Every structure is written in C-alpha cells, then in structure tokens.
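The values are calculated or read from the model by the stated rules, or taken from the named source; none is laboratory data. Note that this is a predicted model, so its numbers are computed, not measured. Here Cβ is always computed from backbone atoms with ideal geometry, including for glycine, and neighbour counts include all displayed protein chains.
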Amino acid sequence: MPASRPRQFDLIAFDWDGTLFDSTAIITRCIQRAVVDVGGQEPSREAASYVIGMALAQALAHAAPDVSPDQYPALGQRYRHHYLKHQDDISLFEGVLPMLAALKARQHWLTVATGKSRRGLDDALQDVALQGMFDGSRTADETAGKPSPLMLQELMREFGAEPERTLMIGDTTHDLQMALNAGCPSIGVSYGAHEPAAFDVLKPLAVVHSVAELNAWLQAHA
C-alpha cells in the first residue's frame with residue numbers, strides 16, 4: 001500500500017491508445033490498409049476503430065470478417081508494417097505527463113492495461129521517455145485481451161489492491177467492460193476510439209472530454 005493512502009483509489013490503471021497516447025486515427029487507418037493488403041474489403045472507420053483495445057489477432061479478425069483465418073498472420077504483419085511507418089507521428093495527449101506526475105506525487109500506483117503487445121508497449125514507453133513513471137503494466141499477449149478482467153486482476157494481485165480501490169480509465173467499451181468484469185470502478189474518456197454514448201450502460205463514475213477534465217476529476221476525487 002502507498003505510504004500515504006490516497007483519498008479513494010490506491011491503484012489507477014490506464015488504457016494506452018486513445019487514452020494517454022493520441023494514436024486512434026493512425027491505428028484505424030493501419031487496420032483498414034492491412035485488411036485491403038490481404039484482399040479483404042476495407043472496413044469502415046467505425047468498424048476499424050471499434051476494435052482498438054482488443055488483442056491484435058482478435059481485433060483484426062473482427063475488423064475483417066471476409067478474411068480467412070489462414071490469412072490472419074499476414075494480416076497482422078501488414079498491420080505492423082503500416083503502424084511502424086507511422087509510430088513516430090504519434091505522441092502523448094497534451095497534459096498527460098503533468099497529470100501522471102501529479103498522481104505519482106500523491107502516492108497512487110500507476111499502471112497500464114492495454115491491448116498492445118508487450119514489445120509494442122515497451123517501445124512506446126521508451127519513445128516517450130516514460131521509463132519509471134508506471135509501477136506496473138499488463139498487455140494482451142501476456143494475459144488475456146479485453147474485456148476479460150485478467151489484466152486488472154493480475155495488477156491488483158501484484159500490488160495487493162482491492163477492486164473498489166482500483167480505478168480503470170479508458171476510451172472504449174472494452175476498457176469499461178473489463179473494469180465491470182473485475183468489480184472495479186471506471187472512467188470513460190470521450191476523445192478516443194468509441195462514442196461516449198455507448199459508455200452509459202457500463203456505469204462509469206464519469207465521462208470526461210479532455211485530459212484537462214480527466215486531471216481535474218482525478219485531483220478532486222481520486
């Protein structure tokens with residue numbers, strides 16, 4: 001437990017893409033191009049963005065229902081090809097670094113629960129000079145993809161955190177459903193991949209519309 005117990009949450013778990021990292025538009029386009037590359041029909045922007053946050057294989061299969069399973073490895077390779085061409089164009093949302101620093105100063109455990117691969121997350125953390133900011137992380141390829149609660153359950157076990165004192169923050173229904181499945185409260189952010197109207201049924205504590213608004217909520221309530 002942190003030395004100075006925070007007001008409401010000991011452990012805060014952030015999704016990565018679309019929540020901290022401004023990558024939704026590029027990921028959506030990379031999915032669309034990968035599907036076309038292997039002979040599938042280009043998914044709509046809505047269909048491609050819906051799968052953001054899922055494990056890669058699960059996401060690509062969902063976005064490309066007309067692509068046969070034996071093409072999934074090639075589909076994944078084409079996605080990675082397009083993403084690597086653009087990864088240097090992606091950055092943290094404005095205000096994320098000071099928000100994280102303020103939370104860390106208040107003795108919260110900060111973690112990441114993401115559909116990215118371990119290699120992809122480690123590369124991203126290195127690229128944006130965030131080494132040491134997060135106390136722990138879980139990726140879809142080392143646990144289970146969202147909305148399975150396994151990522152959050154493993155993080156809670158690692159830190160000895162209780163579900164009611166663990167907060168999940170994400171931009172998709174997959175994130176909020178994962179929190180619900182794990183018995184944890186959540187916050188939805190509207191500036192990422194999914195339309196916030198879909199969040200209501202998953203009962204987040206709040207839906208925020210910018211990093212500044214998220215920071216204000218956390219400073220007041222977390």
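Here are the numbers:
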read-out	value
Criterion: in the same structural domain as residue 100 (by TED's automatic domain parsing), surrounded by 24 or more Cβ atoms within 10 Å (Cβ to Cβ) and assigned to a loop (DSSP other than H, G, I, E, B) - qualifying residue of 193, 161, 144, 179	193
Residue that is farthest from residue 153 (Cα to Cα) [pool: residues in the stretch 100-112 that are buried (at least 20 other Cβ atoms within 10 Å of the Cβ) and in contact with a helix residue (DSSP H, G or I) (Cβ under 9 Å, 6 or more places away or on another chain)]	103
Residue pairs meeting the criteria (Cβ under 7 Å; at least 6 apart or on separate chains; first outside any loop (DSSP other than H, G, I, E, B), in the stretch 197-214; second surrounded by fewer than 13 Cβ atoms within 10 Å (Cβ to Cβ))	211/94
Any chance residue 115 is assigned by TED's automatic domain parsing to the domain that holds residue 208, buried (at least 18 other Cβ atoms within 10 Å of the Cβ) and touching a residue at least 12 places away in the same chain (Cβ under 8 Å)	yes
Flag if residue 101 is part of a loop (DSSP other than H, G, I, E, B) and aliphatic (A, V, I, L, M)	no
Candidate set from the stretch 40-86 (those that are touching a residue at least 60 places away in the same chain (Cβ under 8 Å) and part of a loop (DSSP other than H, G, I, E, B)); member that is nearest to residue 142 (Cα to Cα)	55
Out of 222, 182, 144, 197, sole residue that is farther than 26 Å from residue 105 by Cα and touching a strand residue (DSSP E or B) at 6+ places or on another chain (Cβ under 8 Å)	182
